[in-house]
């Protein structure tokens with residue numbers, strides 16, 4: 001886990017609210033898969049065939065259809081396509097091109113890859129299908145022909161629709177087809193940022209530049225799905241495709257993806273060196289102990305909400321339901337605070353097992369005070385945890401979202 005954090009320095013503030021890697025699988029939205037690109041061998045699998053909401057992973061199919069239209073001459077990269085009033089009215093994340101204006105196809109592609117722009121997804125849909133609903137049916141028909149039997153599309157963006165579903169297996173299949181069928185366009189997924197009309201948009205896929213070998217492809221988020229990611233990483237001549245659905249935060253999703261991809265590369269490397277038998281399917285992941293995050297009380301936590309808003313349905317950001325914490329002590333030394341959070345987590349594993357350990361430094365101008373907290377809980381979980389700990393004669397105070405990094409309500413015991 002330390003190696004993951006070292007690679008992910010730009011994500012440290014988001015990690016304050018991230019759940020430990022092994023906690024992902026406890027979410028009923030979770031699904032995970034790692035496959036070898038060349039052989040299709042499954043290196044890791046959990047709920048890979050279970051139906052999940054794709055969120056903005058949908059845009060992978062929108063782009064696949066767009067690449068197909070480019071190859072067939074139905075679209076050209078420099079072609080200006082119109083923005084309808086319906087497209088301009090899409091909720092964020094969006095590029096914000098006014099109705100009646102146009103956008104070049106090339107810019108539209110980059111807007112989907114980086115900004116995950118819902119309005120531009122509809123622009124591409126209307127340019128190819130006449131209407132978004134007709135294009136969604138075209139997407140579904142193509143998915144069926146590609147063997148994506150668990151996938152149904154109802155829109156081109158991934159915005160919430162209860163009938164729009166997919167599976168981790170289907171998304172991995174789509175990623176492979178994007179690379180094999182349109183390698184000349186797949187390289188566009190590597191772009192770190194995109195500038196349009198003077199404004200620069202950074203790619204939401206933070207594995208780019210932070211995880212060795214990453215070259216794409218797409219993130220996604222709506223409240224019903226959690227944080228999703230399809231990623232591709234290539235080391236030497238070995239490429240792996242990873243799929244994660246249902247992350248509790250963007251940071252925890254990214255950390256989990258890096259963990260399962262690292263494990264996949266380790267498996268393939270060992271087998272290549274030993275010239276062993278083919279890789280087994282359904283390889284279980286080793287348990288990873290929680291990472292303890294140490295941060296100053298003034299650290300911003302707004303990035304977690306911004307991460308969610310950037311990736312999908314801004315009306316459904318879980319900013320007040322999963323940002324509660326419990327404080328289990330305030331100490332004069334960091335080691336005592338670390339011991340307290342570990343003891344508390346072990347004493348209430350069913351409620352606190354998925355929480356992130358946080359040691360918060362307070363009173364920088366005086367003798368430091370280290371608050372021992374477990375974060376990333378709902379209000380119900382926080383109150384339940386304190387009830388359990390108090391029956392075991394352990395101190396515990398629920399901490400609401402607005403005070404997550406500023407409450408020191410327990411006396412020092414260190």
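Structure above, values below:
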{"read-out": "Test: residue in segment 234-243 that is crowded, with 18+ Cβ neighbours inside 10 Å, more than 19 Å from residue 165 (Cα to Cα) and modelled with pLDDT under 95", "value": "no"}
{"read-out": "Residues that are under 15 Å from residue 245 (Cβ atoms) and either at pLDDT below 95 or touching a strand residue (DSSP E or B) at 6+ places or on another chain (Cβ under 8 Å) (or both), drawn from segment 161-173", "value": "164, 165, 166, 167, 168, 169, 171, 172"}
{"read-out": "Single residue of 194, 227 found to be in the same structural domain as residue 109 (by TED's automatic domain parsing), surrounded by fewer than 24 Cβ atoms within 10 Å (Cβ to Cβ), in contact with a helix residue (DSSP H, G or I) (Cβ under 8 Å, 6 or more places away or on another chain) and at pLDDT 90 or above", "value": "194"}
{"read-out": "Count of residues meeting criterion [under 16 Å from residue 156 (Cβ atoms) and without any contact (Cβ under 8 Å) to a residue 24 or more places away in the chain] in segment 65-84", "value": "0"}
{"read-out": "Criterion violated by residue 211 - all others in (1) over 20 Å from residue 61 (Cβ atoms); (2) buried (at least 24 other Cβ atoms within 10 Å of the Cβ) satisfied", "value": "(2)"}
{"read-out": "Of all residues making up segment 379-409, the number that are within 17 Å of residue 357 (Cα to Cα) and at pLDDT below 80", "value": "7"}
{"read-out": "Qualifying positions in segment 245-265 - in a strand (DSSP E or B) and modelled with pLDDT under 95", "value": "246, 247"}
{"read-out": "First in segment 35-63 and outside the structural domain of residue 182 (by TED's automatic domain parsing) and without any contact (Cβ under 8 Å) to a residue 40 or more places away in the chain, second anywhere and part of a strand (DSSP E or B) and crowded, with 20+ Cβ neighbours inside 10 Å, Cβ under 9 Å, 6 or more apart", "value": "none"}
{"read-out": "Hits in segment 177-208 (condition: within 18 Å of residue 71 (Cα to Cα) and in contact (Cβ under 8 Å) with a residue 40 or more places away in the chain)", "value": "177, 178, 179, 181, 182, 185, 188, 189"}
{"read-out": "Of residues in segment 155-174 being under 19 Å from residue 48 (Cβ atoms) and either without any contact (Cβ under 8 Å) to a residue 12 or more places away in the chain or touching a helix residue (DSSP H, G or I) at 6+ places or on another chain (Cβ under 8 Å) (or both), the one surrounded by the fewest Cβ atoms within 10 Å (Cβ to Cβ)", "value": "164"}
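Per-residue answers, yes or no, for (1) surrounded by 18 or more Cβ atoms within 10 Å (Cβ to Cβ); (2) out of contact with any helix residue (DSSP H, G or I) (no Cβ under 7 Å at 6 or more places or on another chain); (3) assigned to a helix (DSSP H, G or I):
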residue	(1), (2), (3)
75	yes, no, no
78	no, no, no
93	yes, no, no
97	yes, no, no
106	no, yes, yes
111	yes, no, yes
114	yes, yes, yes
122	yes, no, yes
125	yes, no, yes
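The values are calculated or read from the model by the stated rules, or taken from the named source; none is laboratory data. Model, not experiment: these values are computed from the prediction. So basically every Cβ, Gly included, is an ideal-geometry build from the backbone, and we count neighbours across all protein chains shown.
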